[in-house]
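One structure is given here, and the rest of the page talks about it.
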Amino acid sequence: MYSILLSLSIALLLGFSGTVFGVWGWGWAILFSALLLVGVWILIARRLATRLQPAMMQVQRQMEAGRPELAMQTMEDMLPLGKWVPMLKGQLLAQMGILAYHMGKKDKAFELLGGASLRNADAQLMLACMRYKAGETDRALSILQLATKINKKHALLHNTYAWMLHKQGKADEAQAALAAFLKKDADNAPTKDNMLRLQNRTRMNMQQFDMQWYALGLEQPPQAMGQMRRAPKGFREPPKGKKHG
């Protein structure tokens, strides 16, 4: 990242200049360089924040106004800042990919989510579900397997992974996936219930995750929920008649 490289360059240049000119020794040079690295990084980060914060607020306003196209463009305009801010690009691509999916732009969603940060559990979950619905079961499971190792406390992510495994007849692996999550969150009620269901050889109950689950498109919501919003606030429903994988 440019910001890190710039901070490091300035810190080394100033920190070791004293050694070159015989003002201080190597020990002081290392100490001064470390302090300068932190100081310069803070200054650069604050400068970048003055550009990022207004843009993120603009995205929020556009979403609240029901203008996802404008929100998408605003986030796209922010992508060049990813060269300066660590992990920003992956997070932006994640949000843009989820947004593209809810706008009914399947191909665009695939492209964007493919570059999303692995730490964005919602993006990885969405991508895996799209692959699963496209018939790419092994690929979907690979995505979730990696995502669950990185995002160890995301209940829906781990339960969806177990759900897919169970659908493929891998009941033991499904239980192992839930057991791994319960080591991190032993009191999660939906996961405990699904673990008990698997142990009793019955189907998992993903309805416990409400519209978060149905928004993934793997199951249709009950008729009683038919009037409820199926997409997050600010998103419009995908056009009827179009399938998403």
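The values are calculated or read from the model by the stated rules, or taken from the named source; none is laboratory data. Just so we're clear, the structure is a prediction, and the values are computed from it rather than from any experiment. In this analysis, Cβ positions are derived from the backbone assuming ideal geometry, glycine residues included, and neighbour counts consider all displayed protein chains.
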Inset, instruction - Identify the residue in the stretch 153-192 that is among the polar types (S, T, N, Q) and either touching a residue at least 60 places away in the same chain (Cβ under 8 Å) or out of contact with any Asp or Glu (no Cβ under 8 Å at 6 or more places or on another chain) (or both) and, among all such residues, is nearest to G217 (Cα to Cα). - result: T160
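Is it the case, given these coordinates, that A71 is touching a helix residue (DSSP H, G or I) at 6+ places or on another chain (Cβ under 6 Å), touching a residue at least 60 places away in the same chain (Cβ under 8 Å), under 23 Å from L127 (Cα atoms) and in a helix (DSSP H, G or I)? First the steps, then the outcome.
Working: touching a helix residue (DSSP H, G or I) at 6+ places or on another chain (Cβ under 6 Å): yes; touching a residue at least 60 places away in the same chain (Cβ under 8 Å): yes; under 23 Å from L127 (Cα atoms): yes; in a helix (DSSP H, G or I): yes.
Yes.
Within the stretch 97-149, which residues are charged (D, E, K, R) and farther than 17 Å from A71 by Cβ? Steps first, please.
First, pick out the residues of the stretch 97-149 that are charged (D, E, K, R): 105-108, 111, 119, 122, 131, 133, 136, 138-139, 149.
Answer for the stretch 97-149, where residues must be charged (D, E, K, R) and farther than 17 Å from A71 by Cβ: K106, D107, E111, R119, R131, K133, E136, D138, R139, K149.
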Inset, instruction - Of all residues in the stretch 106-123, count the ones that are farther than 18 Å from Y161 by Cβ and buried (at least 21 other Cβ atoms within 10 Å of the Cβ). - result: 2
Legend entry - Top-ranked residue of the stretch 124-142 - restricted to ones that are in contact with a Gly (Cβ under 9 Å, 6 or more places away or on another chain) and assigned to a helix (DSSP H, G or I), ranked as surrounded by the fewest Cβ atoms within 10 Å (Cβ to Cβ): K133
Inset, instruction - Name the residue, out of A11, A29, A49, that is modelled with pLDDT of 70 or more and either assigned to a loop (DSSP other than H, G, I, E, B) or touching a helix residue (DSSP H, G or I) at 6+ places or on another chain (Cβ under 8 Å) (or both). - result: A29
Inset, instruction - Inspect the stretch 199-212 for any residue being at pLDDT 95 or above, surrounded by 20 or more Cβ atoms within 10 Å (Cβ to Cβ) and either within 17 Å of D122 (Cβ to Cβ) or touching a His at 6+ places or on another chain (Cβ under 8 Å) (or both) and give the result as yes or no. - result: yes
Inset, instruction - Inspect all residues belonging to the stretch 91-103 and state whether any of them is surrounded by fewer than 15 Cβ atoms within 10 Å (Cβ to Cβ), modelled with pLDDT under 90 and not β-branched (V, I, T). - result: no
